[in-house]
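What follows is a single structure, written as structure tokens, with notes after it.
Read the figures in this text as sums done on the coordinates, not as results from a lab. Just so we're clear, the structure is a prediction, and the values are computed from it rather than from any experiment. Backbone-built Cβ (ideal geometry, glycine too); neighbour counts: all protein chains shown.
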Amino acid sequence: MTTTRITVGLDGSGESATAARWAAREAELRGAALNLVHVDERPAQLPPLPVASTEITRRRDEALLRDATQDLRGLHPDLEITTQTLRGVPSETLSGAADTSAMLVLGSRGLGTIAGYLVGSVAAATIAGTQKPVVLVRAADTDPADGPVVVGVDISQRCDQLLVFAFDEASLRSRTLRVVYGWSTTPVYNQARTLTPGIQEQIRHGIATVMDEMLSPWRDKYPSVEVNPTHRMGRPAIQVLDAASDAALVVVGRRIREAAAFGTHIGAITHAVLHHSAAPVAVIAHD
């Protein structure tokens, strides 16, 4: 039996069905098992439902998992698939399921071209509640056959967890990896730029050097992965989204924050990418 598994949350929506198909492809690539989880969110402290209502709910939940399993086995006949119905607060229950998995996959609902995508409170709280990778998949996901993997980095801090995930994905999929860094000049540089010719070029050269140093060990570890680093002046989220217009997967990070005061904060850049990327987005918790 396979020990590594990928978990996907199912709620009966088209978005979660698409997420399950994405997760099945991912599990097959990784040689992992797939675990389908449905959360019954009825509060445990409420009086028990009438026997008839309980039976209807049980049958509905079983049918949801059974139909999803049949659909996926038709597409991936050799994939090991398990199912679970769990009871509890959805975000907490899904976070718990993620903690025993290599990855958690969830569906995300579209709102339109301008509004982007809806990352609901359950998904946001689930992302913040686990240190395992969480992937949000759109209902319209088609997983472009030749689309790159795109990862947004911050060159001022270590990004090892993001890079190992992104390189793994690019290697498994035989895709190009685009590494994106968005930057802006400080007020001092903004003033100096009018006085010192070439200041922006000096900054660009320095950034390129730092990016090459950051990526060098990963290029050595994954020699088969074609890496395209890019750095542009502008808001980081915009630069990642522009680079990801044809992406198969976008990888972004969130800082692990233990202080309760931060709540379910996942970072402005990651928040923006989650809401506006048409491609699946993987959120990687890192120090």
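If R0 equals 30 Å, the separation of the Cβ atoms of Leu75 and Gln131 corresponds to a calculated FRET efficiency of about 0.50. Can you list the residues of region 203-239 with backbone N under 15 Å from a point 7 Å past the Cα of Gln157, pointing along Cα to Cβ? Those under the cut-off are 236-237. Annotation: the residues Ser16, Ser184, sorted from fewest to most other C-beta atoms within 10 Å of their own C-beta, follow the order Ser184, Ser16. The order of the peptides 209-220, 169-180, 154-165 by mean Cβ neighbours within 10 Å, most packed first, is 169-180, 154-165, 209-220. Charged neighbours of Ile6, selected by a Cβ distance under 9 Å, balance to +1 (K, R count +1; D, E count -1). The local environment of Thr176, defined by Cβ-Cβ distances under 10 Å, has a net charge of +1 under the rule Lys, Arg +1 and Asp, Glu -1. If R0 is 22 Å, the Cβ-Cβ spacing of Asp146 and Arg219 corresponds to a FRET efficiency of close to 0.55. Ranked by the mean number of other Cβ atoms within 10 Å of their residues, highest first, the peptides 82-89, 29-36 fall in the order 29-36, 82-89. Within the shell defined by Cβ-Cβ distances under 11 Å, the residues around Val122 carry a net charge of -3, with Lys and Arg each +1 and Asp and Glu each -1.
Given R0 = 45 Å, the distance between the Cβ atoms of Ile199 and Glu55 translates into a calculated FRET efficiency of 0.05. The amide H of Arg178, built 1.01 Å from its N in the peptide plane, has Val149, Val150, Val151, Asn228 as neighbours under 5 Å, considering only residues 5 or more places off or on other chains.
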